[in-house]
Amino acid sequence: MLDFVRWAVQGRVILMQFSGVLTLEDLKQMDTQANILIQDALPPHIDAIFDVTDVTQFDSHLMNIRNLKTTSIKNPIINWYISVTPQPNPAVIFVATMLFKVLGSRYRGMNTIDEALTFLQAGSNYDLTRTDLAE
């Protein structure tokens, strides 16, 4: 289930949080919401964090991910894609690696959102202090 899509760092880092069973429909909803945010992205690029900490199951139809007509995930303005899961989850690693390899995108797995932001900050000239914590 898609919980939310919002800026973790306004104009720089999109945070997408999922829980329960992750389905293709969730990814379609995420795509629609992310495209709205991307309109307000700050050049030259942004990054995307997928928090799957609370995902309990991946729907079997996720194997058809190549057929998913997403535009946000394929948007060249997105520099890094990071999945967050506190325990290395082989299913998360497999699905994410497959997805981003197909897309030819930069991907890393991290244990926490803060760890992901620290990684992104190390390679950025911009302040990546979270702006969503007051929400």
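The values are calculated or read from the model by the stated rules, or taken from the named source; none is laboratory data. It should be emphasised that the depicted structure is a prediction, and the values quoted were computed from it without experimental measurement. Note that we place each Cβ from the backbone using ideal geometry, even for glycine, and neighbour counts take in every protein chain shown.
Descriptive notes on the structure:
- Whichever residue in region 5-33 is charged (D, E, K, R) and in contact (Cβ under 8 Å) with a residue 24 or more places away in the chain and, among such residues, is nearest to S60 (Cα to Cα): D26
- Of all residues in region 66-102, those satisfying the criterion of being of a type in the set (A, V, I, L, M), surrounded by fewer than 17 Cβ atoms within 10 Å (Cβ to Cβ) and modelled with pLDDT under 80 are L68, A91, I93, M98, V102.
- Applying the criterion of being in a strand (DSSP E or B) and more than 25 Å from T129 (Cβ to Cβ) to the residues of region 12-64, the residue that is modelled with the lowest pLDDT is F58.
- Scan region 86-135 for residues that are assigned to a helix (DSSP H, G or I) and of a type in the set (S, T, Y) and the total you get is 2.
- Only one of the numbered conditions (1) touching a residue at least 12 places away in the same chain (Cβ under 8 Å); (2) under 21 Å from I36 (Cα atoms) is violated by P76, and that is (1).
- Note on region 105-122: residues that are within 21 Å of A41 (Cα to Cα) and either without any contact (Cβ under 8 Å) to a residue 24 or more places away in the chain or of a type in the set (A, V, I, L, M) (or both) amount to 8.
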